[in-house]
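Trainee: Below is a structure I'd like to ask you about.
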Amino acid sequence: MNRGWLSVMVCGVLMAACVQKLSMPPQARVDEARLLAADSDPGNWMTHGRTYDEQRFSPLKQITAANVKTLGLAWSYDLDTAHRGQESTPLVIDGVMYVTGAWSKLFAIDAKTGAPKWTFDPKVPGTAAPNACCDVVNRGVAAWKGRLYLGTLDGRLIAVDAASGHKVWEVATTPPGSRYTITGAPRVVKGKVLIGNGGAEMGVRGFLAAFDAETGKALWKFYTVPGDPAKGFENKALERAAQTWKGEWWRFGGGGTVWDSMAYDPALDLIYIGVGNGSPWNKKLRDPNGGDNLYLCSIVAIKAETGEYVWHYQSTPGESWDYDATQHMILADLEIGGKMRSVIMQAPKNGIFYVLDRATGELLSAEPFATLNWTTGVDMTTGRPIQVPSASYGNTGKPFVAMPGPGGAHNWQPMSFNPGTRLVYFPVTELAFPYIPDGDFKKHDLGWNTGVDFNAGSLPQDPKIKAQIKSGLKGHLVAWDPVAAKEVWRAELNSPWNGGVVSTAGNLVFQGNSHGEFVAYQAMTGERLWSFATQAGVLAAPISYQVDGEQYVAIEVGYGGAFGLAAGELSRDTHIASNVPRVLVFKLGAQGALPPLPKNAMLRLHPPADTASAADLMQGKMAYHTYCGTCHGDSATGNGVLPDLRYTALLNDQAAWDSVVLQGADSARGMVSFKAELDRAASERIRAYIIHRATEDKTLEATSHE
Ligand code: CA
């Protein structure tokens, strides 16, 4: 009897199982039934937050607080992405890991051995880089019926065959030539791929779009802010939202991008989206006489089937500080006031931890989790923050040094809710920022459009002031009780920009940090139990999974992102110097080691003669902070991620400098031509400013390198 006949006979007996087996693809066998039951399948991590409620909790408990000391490196995988920020949460499905890296590259790896299976490179053009506020990062893919769904930095959504790594279909989700970028992970709900985008620093109008997973056909689109009223509104929710806007905001896009978090409640059939900041930030310039500017900085619940609005909660009405509410949202059932409530929780940039009823949007609690000076707290009768008048720098015309700044008291770095400890774990940043109104605002086609003067707010060169600012740079990992609305423990990190979190049933919390450590903490007490030197700062969130009966913990390492690039020397001095992008995977008893780091040749500053006039230097400095600083770092001090321009040989060669700045010789790496905004004289003044800065620092270097 041949195997064909045997199959037919077995199929005859077990018809249902055979239909299932024959119809399921060979890899990434994820469908609605499997995603709905993901919590009882702890070996796999099949969607961005592991389960639709995005709790990022692993029920695996082979690795525990008692034995974590024997955790070791099982395998590592070097990412072919350039030394950029790495922010991806891997998926692991039936023994295969799917993880993304910078420039929207996708890697399939054997989850047990680390053996590469395939790589998919969507070939994002370098010209997309200046549209990304916060590095050329990517946070992961969605899986559905044998395919993986990847959003690319240049706005495409691509379906990739999970077995072969070949493209199945591709659609443009954003208009050609626009300044949208995709860095977030898609989700798949009921056969629909959901994807948002970023760009509110550049001047876009935010939306979430749904596409048919099978064909790529566009199904629905939910705009988060109203467009030009003269053109009519797409729906009633936007018509109502438009009553909170008065000016000509649509000329600047309005903002409200859905650049990261989503969650899904199958029982209510609601999708929750986190909505970002206004564009430009400065409300005085965006909409001087308008009101709350809905649905900026809100959580919005929409119907999965149609994308229709259901409810919203706005955490920062009339926002002016880049206080995105795009941060991670977690669904859980909690006993609050003696009653079980189905809640949604968020710790957005504005520094307040929110607990809402997720069926209605009713505010249940709102307590600060960080040092705040823009508000004195939330009025629970109105649900609105009580805003400090001086915080409205656009209206007062005066600088406001805010806690938190645009990096947020908590940014995109994922949290974790542990149903065992009933605690939420997340990284907190304590970092002030001077919001200085831009008196000379015009919309740029390159560079940021915030209405905030980054030049006036750049780091002063006075060493005493710098030392004072650096001493205020802090961050910690917090364990937060969402019922009592208070902190339970914290682990100090003494740096502001650190990694996301996973917690496990082994009573553990795992987090990587900017100092180049991957650390395990005891989940109840915060006691530090184990660490591993990662050879790179860490931003991404870990996961845990199981293959052939063994539990693994995985983390992607690599430093960059918003603070990593824009904060210049404040970033450079708060992360380890090496930045090797990798996936690191650990299991009990493993003894693996990373290769030793290559020795860095000591760089010396050799700027040419500093001869420019004071007027040229001033203009060069302003142009630097308009066009260069958000990637190469504030005040041309370097950031330890992208090239430190004080050291570039281009300073010595004007023609070579112009070939990069004006002709785009390095555009494949993201350093595009700035010819549209800068003429040769302006380019030369930027060079002169950097020569001046290198000359200033040469004296300091001479003493510190001895
Ligand atoms: Ca933003």
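The values are calculated or read from the model by the stated rules, or taken from the named source; none is laboratory data. Computed from a predicted model, the values in this text were never measured in an experiment. Every residue, glycine among them, receives a Cβ derived from its backbone with ideal geometry; neighbour counts consider all protein chains shown. Note: areas computed on protein heavy atoms with side chains; ligands, DNA, RNA excluded. Shrake-Rupley method; radii C 1.70, N 1.55, O 1.52, S 1.80 Å.
Trainee: Treating cross-link reach as a plain straight distance, find the aspartates and glutamates whose alpha-carbon is under 18 Å from the alpha-carbon of LYS339, omitting any fewer than eight places away in the same chain.
Mentor: Those aspartates and glutamates meeting the cut-off are ASP357, GLU362, ASP481.
Trainee: Could I ask something else about it? For the range 428-474 and the range 408-425, what is the centre-to-centre distance using only Cα atoms, to the nearest Å?
Mentor: Comparing the Cα centres of the range 428-474 and the range 408-425, I get a distance of 28 Å.
Trainee: Of all alpha-carbon pairs in the range 519-596, indicate the percentage at a distance above 20 angstrom.
Mentor: When every Cα pair of the range 519-596 is considered, 44 percent fall beyond 20 Å.
Trainee: Could you work out how far the C-alpha centroid of the range 209-276 sits from that of the range 591-668, in angstrom?
Mentor: Measuring centre to centre over Cα atoms gives 39 Å.
Trainee: Could you work out how much longer the chain between ALA82 and HIS444 gets when fully extended? Use 0.36 nm per residue separation minus the Cα distance between them, nm to one decimal.
Mentor: Details: separation 362, 0.36 × 362 = 130.32 nm, distance 2.77 nm.
That works out to 127.5 nm of additional length.
Trainee: Two-decimal Rg/Rh of the range 266-380 from alpha-carbon positions, Kirkwood Rh?
Mentor: 0.98
Trainee: Cα centroids of the range 127-185 and the range 302-355: how far apart, whole angstrom?
Mentor: Centre-to-centre (Cα) distance: 26 Å.
Trainee: Measuring from label point to label point, each 7 Å out along Cα→Cβ, what is the ARG240 to LYS698 span in nm?
Mentor: 6.4 nm
Trainee: Where only protein heavy atoms count, and the probe is 1.4 Å, what is the accessible area per residue for the range 433-580 in Å²?
Mentor: Details: 4770 Å² over 148 residues.
Accessible area per residue: 32 Å².
Trainee: Follow-up question, since we're still on this one. Show the residues, 5+ positions off or on another chain, whose built amide H is closer than 5 Å to the amide H of ALA505.
Mentor: SER58, LEU60
Trainee: Would you rank LEU372, LEU150 by solvent-accessible area, highest first, keeping every protein chain in place and using a 1.4 Å probe? Please report the intermediate quantities before stating the final value.
Mentor: Values: LEU372 35, LEU150 0 Å².
So, going from the largest accessible area down, we get LEU372, LEU150.
Trainee: Of LYS105/LYS217; LYS246/LYS621; LYS283/LYS303, which sit over 27 Å apart, Cα to Cα?
Mentor: Checking Cα-Cα distances, LYS246/LYS621; LYS283/LYS303 exceed 27 Å.
Trainee: Over the range 32-81, with the other protein chains present, what is the accessible area per residue in square angstrom, probe 1.4 angstrom?
Mentor: 38 Å²
Trainee: Any idea of ASP379's accessible area? Nearest 10 Å², probe 1.4 Å.
Mentor: We get 50 Å² for ASP379.
Trainee: Would you compute the Debye intensity of the range 224-270 from its alpha-carbon atoms alone, equal scatterers and no solvent, and pass along log10 I(q)/I(0) at q = 0.26, 0.33 Å⁻¹ to two decimals?
Mentor: Evaluating at q = 0.26, 0.33 Å⁻¹ gives log10 I(q)/I(0) of -0.96, -1.23.
Trainee: Within 13 Å, Cβ to Cβ, of LEU678, how many net charges do the neighbouring residues add up to if Lys/Arg are +1 and Asp/Glu are -1?
Mentor: Taking every other residue near LEU678 into account, the sum is -1.
Trainee: In whole percent, and with a 1.4 Å probe on the protein chains, what portion of the accessible area of the range 213-295 is carbon and sulfur?
Mentor: Carbon and sulfur together cover 51 percent of it.
Trainee: Compactness ratio of the range 614-700: Cα Rg over 2.2 N^0.38 Å, N = residue count?
Mentor: Relative to the 2.2 N^0.38 Å estimate, the range 614-700 comes out at 0.99.
Trainee: Once both axes come from the Cα atoms, what is the angle between helix 3-13 and the longest principal axis of the chain, in degrees from 0 to 90, rounded to 10?
Mentor: The answer is roughly 80 degrees.
Trainee: Please name which of ILE299, ALA218, VAL401 has its Cα lying farthest along the dipole of the chain towards the positive end, using unit charges on Cβ (Lys, Arg +1; Asp, Glu -1) and the Cα centre as origin.
Mentor: ALA218
Trainee: Can you pull the one-decimal nm distance between simple spin-label points at ASP379 and ARG604, each 7 Å off the Cα toward Cβ?
Mentor: Distance between label points: 6.4 nm.
Trainee: For the range 143-263, divide the Cα radius of gyration by the Kirkwood radius and give the resulting Rg/Rh value with two decimals.
Mentor: 1.02
Trainee: While we're looking at this one, here's another question. What figure, in Å² to the nearest 10, do you get for the accessible area of ASP573 with a 1.4 Å probe and non-protein molecules left out?
Mentor: Counting only protein heavy atoms, the figure is 80 Å².
Trainee: Hey, can you find the accessible area per residue of the range 614-700 for me, probe 1.4 Å, expressed in square angstrom?
Mentor: On a per-residue basis, 42 Å².
Trainee: Could you grab the Rg to Rh ratio for the range 515-669? Cα atoms only, Kirkwood for Rh.
Mentor: Numbers: Rg = 20.6 Å, Rh = 18.7 Å.
Computed over Cα atoms, the ratio is 1.10.
Trainee: To the nearest 10 square angstrom, what accessible area does LYS587 show with a 1.4 Å probe?
Mentor: 50 Å²
Trainee: Based on Cβ point charges of +1 for Lys and Arg and -1 for Asp and Glu, what charge dipole magnitude is obtained for the range 246-322 about its Cα centre, in debye rounded to the nearest 20?
Mentor: 400 debye
Trainee: Leaving ligands, DNA and RNA out of it, report the carbon-plus-sulfur percent of the accessible area of the range 57-149 at a 1.4 Å probe.
Mentor: Here carbon and sulfur together make up 53 percent of the probe-accessible area.
Trainee: While we're on this one: Which aspartates and glutamates, on any chain, are close to LYS284 with Cα under 17 Å apart, when same-chain ones fewer than 8 places away are left out?
Mentor: The qualifying aspartates and glutamates are GLU201, GLU248, ASP292, GLU319, ASP322, ASP438, ASP440, ASP453.
Trainee: Just to be sure I understand: if I project the alpha-carbon convex hull of the range 340-466 onto a plane and average over all orientations, what area do I get in nm²?
Mentor: The number I arrive at for the range 340-466 is 11.3 nm².
Trainee: Hey, if we sort THR381, THR224 by accessible area with the 1.4 Å probe, largest down, what's the order?
Mentor: THR381, THR224
Trainee: Ok, one more. Could you rank ILE386, ILE352 by how accessible they are, 1.4 Å probe, largest area first?
Mentor: ILE386, ILE352
Trainee: In a solvent-free Debye calculation with one equal scatterer on each Cα, what is log10 I(q)/I(0) for the chain at q = 0.08, 0.11, 0.12 Å⁻¹, listed in the order of the q values?
Mentor: -0.59, -1.14, -1.37
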